[in-house]
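The block underneath contains the structure these notes are about, expressed in structure tokens.
Each reported figure results from applying straightforward, stated rules to the coordinates on display, with no laboratory input. Because the structure is predicted, anything quoted here is derived from the model rather than measured. Note that we place each Cβ from the backbone using ideal geometry, even for glycine, and neighbour counts take in every protein chain shown.
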Amino acid sequence: MAHSTPTVARLDHVVKRYGRLTALDGADLVVRRGELLALLGPNGAGKTTAIGLLLGLIRADAGKVELFGQDPQQIDARRRIGVMLQDAELPPTLRVGELLRLTASYYPTPRALAETAELAGIGDLLKRSYAKLSGGQQRRVQFALALCGRPELLFLDEPTVGMDIEARGKLWAAIRQLLAEGCSVLLTTHYLEEAEALADRVCVMAHGRMIHEGTVEALRARVALKRIRCLSALTVDTIRSWPEVSDVWQDGERLHITTADAEIVVRRLLDADTQLCELEVQRAGLAEAFTEVTRDADEASNIDQREAA
Amino acid sequence: METTMSFTELASTSGMSPRRVLGVYLEEARSECLRYMRAPGFMLPIMLFPAMFYLLFGVLMAKSEGADAARYLLASYGVFGVMSPGLFGFGVSLALERDGGLLTFKRALPMPPGAYLLGKMLMAMAAATVVILLLLALALLLGHVTLTPMQVGALLLTGALGVLPFCALGMFVGTLIKGQGAPGMLQLIYLPMSFMSGLWFPLPMLPKFLQQIAPVWPSYHLDQLALAAVGMRQGALLPHVLVLFGFAAVFLLLATRRLRRHG
């Protein structure tokens, strides 16, 4: 099904250098219509450069960059996107309603002001000066500016930084609503639970390349380890002596076991302690998977450098 | 593979009617005016500084020299005053907005780049007009200068359009230097250039060498036009207009090139 869905944005073997630094080293990326793709990676991995290319802010040294099949520097292509950047100081003396009106004027068929305000949850802020808003309120206004043009593709760069839990929940709900309307989203975030909650697919970058692309499930499956938790009379030392167990520790009453062979370990646990209770088995989370995937890439890159030297 | 076909299907409703495009230009100009009118701390010194200069040196200190001195200095200080909204109003705000990420955001949005520049340009033209009006008020009320309505109109026009080459220069400097460094750099251009074009002291009072290189500076040519506007100079105006036009075009071109490449 995924393969018949049209592509809205694409990087194809893109190289971008800044002097001697190679920010992107043959990067490939595809955003399909109606999906939320989370772009993850440690700082310096090339996420900002990838976004900058897709927004037409910078030009690639090699490879192809497409937004709706056009060069992103074409204004027609950008009339179909909405943008929320990490740090843009908007004119402080303008009121929220004026900022929305100005930004909406850039688009062919923008949303009505009230609809935008409702979606972004800023109906009560329209008459306020931008400078007088709190950091979280400013983020919500920036989100409203991103969606006011009825975009087909939304770029959200760390959208929930500085938001409290309630505001973040509302923003997630608004993003889900936009996705339901058929809008695509390219999200960069440092909060893995945000990617886990929203993303159809994740793309992990390291050293200017995509090192993993697939569903959240597929990324988690890259990590074979599972976590077992239970309440048991067995001691940590006993369990540690089992060959399948890679790690075990105790937190109050509760035992935490990490293993690649969960089935075998669970069977042994149940055989050894008939009183055992509150048994949980879980695949490692996105956070562990992410750490492992990027660590592998770091090691590979170090080997490359050693071989080159 | 799957992409080529889908693009034709996707390329649908992205066109903008000419009316909506015009709307962008109006909205951008409106926002630009609103934001600076609400924060007078930025534009007010730019507009008051030349008026204060003229009051001190053109009206009070030139009293003994008579109305002709006040009339001559009205033109020179007018040019001095018009340069400031161009260089600072345009250049500094551009440098600050590049630094603060606003320009990056606007470049990512489907904003026609011309709308952004035109908004700033209109702002500078309005400020330049205010500067000339202030100087005219001082000259007519305190300096005992008499001008025909034609001369008043000509000087206002010279000011409102004469700001444009300095907008282009300010814009170029704004693309070279980010943020807080720009005002200092612009002062280094503004003050020496004004002096060497004979805006503070008439050119014949300056060293011979400076008199010879004066035509290099755009402010010299604008001064010639302003002097003609107040009836202090005869002779062809077209060469000066052309020089100013060329100057504006070159710096506008250099600046837009830098903006497109580096943002």
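Under the rule of at least 5 residues apart or a separate chain, name every residue whose amide H is placed under 5 Å from the amide H of A:S184.
Under 5 Å from the amide H of A:S184 lie the amide H atoms of A:G34, A:L153, A:L154, each far enough along the sequence or on another chain.
If eta is 1.002 mPa s and T is 20 °C, what Stokes-Einstein diffusion coefficient results for the protein assembly as shown, Kirkwood Rh from Cα pairs, in µm²/s?
Details: Rh = 27.8 Å.
Rounded to a whole number, D works out at 77 µm²/s.
Going down the table (A:K47/B:K106; A:K64/B:K120; A:K132/A:K170; A:K16/B:K120; B:K106/B:K178), which pairs top 26 Å between alpha carbons?
With Cα atoms farther than 26 Å apart: A:K64/B:K120; A:K16/B:K120.
For chain A, take the longest principal axis of its alpha carbons; what is the angle in degrees between that and the long axis of helix A:262-272, to the nearest 10 within 0 to 90?
Computed tilt is about 40 degrees.
About the Cα centre of the protein assembly as shown, what is the dipole size in debye to 20, counting +1 per Lys and Arg Cβ and -1 per Asp and Glu Cβ, all else neutral?
That gives a dipole near 2580 debye.
Take peptides B:103-109, A:83-89, B:66-72 and line them up by average Cβ neighbours within 10 Å, highest first, as a rough protection proxy.
Working: B:103-109: 22.0, A:83-89: 19.0, B:66-72: 17.1.
Put in order of decreasing packing, that is B:103-109, A:83-89, B:66-72.
Give me the net charge for the shell around B:E97: Cβ to Cβ below 15 angstrom, other residues only, Lys and Arg +1, Asp and Glu -1.
Taking every other residue near B:E97 into account, the sum is +2.
Just want the answer: with Cβ charges of +1 for Lys and Arg and -1 for Asp and Glu, which residue in B:P239, B:M123, B:G198 is farthest toward the dipole's positive end in region B:114-263?
It is B:M123, whose Cα lies furthest towards the positive end.
Using the Cα centre as the reference, give the magnitude of the dipole from point charges on the C-beta atoms of chain B (Lys, Arg: +1; Asp, Glu: -1; all else neutral), rounded to the nearest 20 debye.
220 debye
Let me know the mean shielding of B:99-107 by other chains, meaning the per-residue number of their Cβ atoms within 10 Å of its Cβ.
6
To the nearest 20 Debye, how big is the dipole of region A:141-210 about its Cα centre, given +1 on the beta carbon of each Lys and Arg and -1 on that of each Asp and Glu?
The dipole of region A:141-210 has a size of about 160 debye.
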